[in-house]
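Reviewing the structure listed below.
The values are calculated or read from the model by the stated rules, or taken from the named source; none is laboratory data. Everything quoted here is computed from the prediction, not taken from an experiment. FYI the Cβ positions are ideal-geometry reconstructions off the backbone, even for glycines, and counts take in every protein chain you see.
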Amino acid sequence: MKARHIPNIISVFRIILVYPIVQFMLARRFDWALGLFIVAGISDAMDGFLAKHFDWKSRLGSYLDPAADKLLLVACFVSAGWLGLIPIWLVAAVLLRDLVIVSGALAYYYLLRPFEGEPHLSSKVNTFFQLLLIVAALFHNGIAPLPANLLPFLIGIVLLTTLTSGVIYVYVWGNRYWRETHTHG
């Protein structure tokens, strides 16, 4: 094993953590789920830092890291919705946004050409608030109650950022596709 593979190993570790996190959530051991979720978050920061700081980036890592992040978030959102920690309609909105983005990316790839997908700022903001909501819901249900309006506020912010980032992706990539297919040269 070479040192440059460490970020990928950390991403695989994060993927492996999804199962016990979900199992702890389903067992209503939200304290343990929160602890492992935080470990997963720290590992995400570590693999990103190592890949950038030491230039240990790889093609595999460019797939593994976002796949690990998405798998963790989707699994936690579905589990939290199943348990009633967050509204099921919010889970549906988050999953629908992801489905629209993935479908659009695949359509662009197959109809036009390969591309390098860099997440839009709105997506990063959305991911931050999704993570914060999961942490808050696990903390609220496993450690100590949070102020009464905090979870509803975070739910509203996640819905707003989910819809906003979804619309931005559709607009940006739809516009890019239109320009590339309707350019007369």
key: Unique residue being of a type in the set (D, E, K, R), touching a Gly at 6+ places or on another chain (Cβ under 6 Å), part of a helix (DSSP H, G or I) and at negative phi when the list is 97, 4, 14   = 97
Residue 17 vs. criteria of a type in the set (A, V, I, L, M), farther than 26 Å from residue 148 by Cβ, surrounded by 14 or more Cβ atoms within 10 Å (Cβ to Cβ) and at pLDDT 90 or above = yes
query = If the Cβ limit is 6 Å and pairs must be 6+ apart or interchain, which residue in the range 63-88 that is under 19 Å from residue 36 (Cβ atoms) pairs with which residue that is among the acidic types (Asp, Glu)?
reply = none
inquiry  = Against the condition of a type in the set (Ser, Thr, Tyr), free of Cβ contacts under 8 Å to residues at least 60 places away in the same chain, closer than 18 Å to residue 137 by Cβ and in contact with a helix residue (DSSP H, G or I) (Cβ under 8 Å, 6 or more places away or on another chain), how does residue 58 come out, does it pass?
reply    = no
query = Across the range 1-25, which residue is nearest to the chain's Cα centre (by Cα) among those that are free of Cβ contacts under 8 Å to residues at least 12 places away in the same chain and closer than 20 Å to residue 137 by Cα?
reply = 19
ask   = Can you pull out the residues in the range 120-147 that are modelled with pLDDT under 95 and among the small types (Gly, Ala, Ser)?
value = 122, 123
key: Looking only at the range 133-161, and only at residues there that are among the small types (Gly, Ala, Ser) and part of a helix (DSSP H, G or I), the one that is surrounded by the fewest Cβ atoms within 10 Å (Cβ to Cβ)   = 156
message = Being surrounded by 13 or more Cβ atoms within 10 Å (Cβ to Cβ) and either assigned to a loop (DSSP other than H, G, I, E, B) or in contact with a His (Cβ under 8 Å, 6 or more places away or on another chain) (or both) is true for just one of 70, 57. Which residue is that?
response = 57
message = Tally up the residues in the range 100-115 that are part of a helix (DSSP H, G or I) and surrounded by fewer than 18 Cβ atoms within 10 Å (Cβ to Cβ), please.
response = 10
task = Could you please let me know if residue 115 is modelled with pLDDT of 95 or more and not acidic (Asp, Glu)?
result = no
ask   = From 163, 150, which residue is farther than 22 Å from residue 41 by Cα and either out of contact with any strand residue (DSSP E or B) (no Cβ under 9 Å at 6 or more places or on another chain) or charged (D, E, K, R) (or both)?
value = 163
inquiry  = Condition (residue is exposed (fewer than 14 other Cβ atoms within 10 Å of the Cβ) and more than 22 Å from residue 23 (Cα to Cα)) applied to the range 39-50: is it met by at least one residue?
reply    = yes
